[in-house]
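Colleague: Starting off with a structure, shown below.
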Amino acid sequence: RSHRIDAEEFYRMLAGIVIDDTGVFNDKLREWEDYYNYHRPHGALSGQTPYERLKQKTQTRV
């Protein structure tokens with residue numbers, strides 16, 4: 001599933017842009033990973049981000 005999302009969202013965002021510098025590409029990829037994990041709601045997680053779900057699952061329950 002992550003490959004499909006990458007193709008649909010990350011690579012589409014770069015469509016038409018030629019990046020021949022791996023450093024620039026890696027910077028764009030890090031930005032995408034940050035957005036994907038910390039800001040983008042996920043349907044499979046009931047609208048939570050992966051980070052929000054991780055925090056929820058790892059909090060100590062009282």
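Colleague: Kindly provide the set of residues from segment 1-33 that are of a type outside the set (A, V, I, L, M) and not in a helix (DSSP H, G or I), ordered by number.
Modeller: Once the filter is applied, which keeps residues that are of a type outside the set (A, V, I, L, M) and not in a helix (DSSP H, G or I), segment 1-33 yields ARG1, GLY16, ASP20, ASP21.
Colleague: Could you look through segment 1-30, keep only residues that are over 16 Å from HIS42 (Cα atoms) and acidic (Asp, Glu), and pick out the one that is surrounded by the most Cβ atoms within 10 Å (Cβ to Cβ)?
Modeller: ASP27
Colleague: Please state which one of ARG1, ARG40, ARG61, ARG12 is modelled with pLDDT of 90 or more and not β-branched (Val, Ile, Thr). Walk me through how you get there before you give the answer.
Modeller: Working: ARG1 fails: modelled with pLDDT of 90 or more; ARG61 fails: modelled with pLDDT of 90 or more; ARG12 fails: modelled with pLDDT of 90 or more.
Only one candidate passes the filter, namely ARG40.
Colleague: Anything in segment 34-58 that is touching a Pro at 6+ places or on another chain (Cβ under 6 Å) and in a helix (DSSP H, G or I)? List them, or say none.
Modeller: ASN37
Colleague: I would also like to ask the following. List the pairs whose first member sits in segment 24-40 and is among the hydrophobic types (A, V, I, L, M, F, W, C), whose second member is modelled with pLDDT under 95, and whose Cβ atoms are under 9 Å apart, counting only residues at least 6 apart or on separate chains?
Modeller: PHE25/LEU14; PHE25/ILE19; LEU29/PHE10; TRP32/ASP6; TRP32/GLU9; TRP32/PHE10; TRP32/MET13
Colleague: Follow-up. Which members of segment 3-17 meet the condition of being over 18 Å from ASN37 (Cβ atoms) and of a type in the set (Lys, Arg)?
Modeller: ARG12
Colleague: With the requirement that a residue be in contact with a Ser or Thr (Cβ under 8 Å, 6 or more places away or on another chain) and either of a type in the set (D, E, K, R) or surrounded by 12 or more Cβ atoms within 10 Å (Cβ to Cβ) (or both), what does segment 31-58 give you?
Modeller: ASN37, ARG40, HIS42
Colleague: In segment 10-62, how many residues are β-branched (Val, Ile, Thr) and under 18 Å from the mean Cα position of the chain (by Cα)?
Modeller: 2
The values are calculated or read from the model by the stated rules, or taken from the named source; none is laboratory data. On a predicted model such as this, the values are computed, not experimentally measured, just so you know. With ideal geometry, Cβ positions are generated from the backbone for all residues, glycine too; neighbour counts draw on all protein chains shown.
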